[in-house]
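The values are calculated or read from the model by the stated rules, or taken from the named source; none is laboratory data. Only a predicted model underlies this, so the values are computations on that prediction, with no experimental measurement involved. Virtual Cβ from ideal backbone geometry, glycine too; neighbours counted across all protein chains shown. Heavy atoms of the whole protein, side chains included, go into the accessibility calculation; ligands, DNA and RNA do not. Shrake-Rupley method; radii C 1.70, N 1.55, O 1.52, S 1.80 Å.
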Amino acid sequence: MRKAELKIFLSKLEGFRQPKPHLEQYKTPPDVAAEMLMRAKHIGGKKIVDLGAGTGILTIGAAILGFEAKGYEKDSEALETAKKNLEKAEEKYGELSADFVESEVSEAEGKGDIVVMNPPFGIQKEDSNLKFLEKAFEISSKVLSLMHRSENRLTRTRKFIKEFAQKRGFDTEIVGSYRLGLPNSMKFHEKDKKAIKVDLYYFKGE
Ligand code: SAH
């Protein structure tokens, strides 16, 4: 499948009805999601895990590309939408291997050949994206993740993330950078009013 086709389909999936700010619910834009997933496909593997699956765009997109996909998410309302989105995808693409599990990220179980995720950006809760990264490193030796890039908070710089990964035996490569438009529900900081800057990381362990 071509990236453009995947993107068009992913743009038809529903996002969060009423995003919960404390969970930093923010649907990955379809073009970014398609790019992440094509990259995952290129890396290869059979099982993919999505941490903080939200309304399912990454889990479902991965299943469309032929992965056995599993999405962990703690918000049951988001998962209801994810399941509806999956039905929509199956109407078009036939039965898909996508499974959603209601779970706190730290309790996610099982391994994957790849983790693909857009975790909370750690704006509302300082450590939230690191909690996701920690779990991803436990689940897989290959992790593709969007991470917030704050240019004025030292602890969230690229250097910090690289060191965090290195300590856990992972090499870090930044494979993309984006500016994402923010929905109203996430505009807390004056400086972040218009967009949030994120990097797409590829972490590779042993
Ligand atoms: N992966 C989706 C959603 C990204 S937003 C997408 O790409 O569109 C981040 C998601 O992480 C939200 O759905 C939020 O509910 C979920 N989340 C936040 N904290 C969590 C936690 N501690 N455990 C599990 N999920 C969590």
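Could you tell me which residue of the stretch 59-85 is farthest from Val105 (Cα to Cα), considering only residues that are near the ligand (Cβ under 7 Å from one of its atoms) and out of contact with any Leu (no Cβ under 7 Å at 6 or more places or on another chain)?
Of the residues in the stretch 59-85, the ones near the ligand (Cβ under 7 Å from one of its atoms) are 72-75, 78.
From what is left, the residues that are out of contact with any Leu (no Cβ under 7 Å at 6 or more places or on another chain) are 74, 78.
Values: Lys74: 7, Ala78: 14 Å.
This residue is Ala78.
So, in the stretch 63-110, exactly how many residues are assigned to a loop (DSSP other than H, G, I, E, B) and modelled with pLDDT of 95 or more? Don't jump to the end; show me each part of the working.
Narrowing the stretch 63-110 to residues assigned to a loop (DSSP other than H, G, I, E, B): 65-67, 74-75, 94-97, 103-104, 108-110.
From the residues that got through so far, the ones that are modelled with pLDDT of 95 or more too are 65-67, 74-75, 94-97, 103-104, 108.
Adding up the residues that qualify gives 12.
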Fill in the blank from the handout: With criteria (1) at pLDDT 95 or above; (2) within 14 Å of the ligand (Cβ to nearest atom), Pro120 comes up short on (1)
Exercise for the section: Please state which of the following conditions Ile174 fails to meet, knowing it meets all the rest: (1) more than 18 Å from Ser106 (Cβ to Cβ); (2) modelled with pLDDT of 90 or more; (3) open to solvent by 20 Å² or more (accessible area, probe 1.4 Å); (4) more than 18 Å from the chain's Cα centre (by Cα). Expected result: (4)
Exercise for the section: Would you mind stating whether Leu13 is over 23 Å from Tyr201 (Cβ atoms), without any contact (Cβ under 8 Å) to a residue 40 or more places away in the chain and within 12 Å of the ligand (Cβ to nearest atom)? Expected result: no
Problem - Cross-chain or 6+ apart pairs with Cβ under 8 Å, the stretch 22-35 first and in contact (Cβ under 8 Å) with a residue 24 or more places away in the chain and open to solvent by 40 Å² or more (accessible area, probe 1.4 Å), then part of a helix (DSSP H, G or I) and basic (Lys, Arg) - result: Asp31/Lys7; Glu35/Lys3
Handout entry: Matching residues, the stretch 128-148, being more than 10 Å from the ligand (Cβ to nearest atom) and either surrounded by fewer than 20 Cβ atoms within 10 Å (Cβ to Cβ) or part of a loop (DSSP other than H, G, I, E, B) (or both)
Key = Leu130, Glu134, Phe137, Glu138, Ser140, Ser141
Practice task
Report, by residue number, each residue of the stretch 53-109 that is open to solvent by less than 10 Å² (accessible area, probe 1.4 Å) and at positive phi.
Solution key: Gly54, Gly56
Exercise for the section: Could you please give the count of residues in the stretch 89-109 that are touching a residue at least 12 places away in the same chain (Cβ under 8 Å), more than 15 Å from the ligand (Cβ to nearest atom) and closer than 17 Å to Ile8 by Cα? Expected result: 2
Handout entry: In the stretch 41-52, the residues that are within 12 Å of Ser140 (Cβ to Cβ) and surrounded by 24 or more Cβ atoms within 10 Å (Cβ to Cβ)
Key = Ile48, Val49, Asp50, Leu51
Problem - Complete set of residues in the stretch 16-44 that are more than 10 Å from the ligand (Cβ to nearest atom) and among the β-branched types (Val, Ile, Thr) - result: Ile43
Handout entry: Complete set of residues in the stretch 36-62 that are under 15 Å from Val101 (Cα atoms), touching a residue at least 60 places away in the same chain (Cβ under 8 Å) and in a helix (DSSP H, G or I)
Key = Leu58
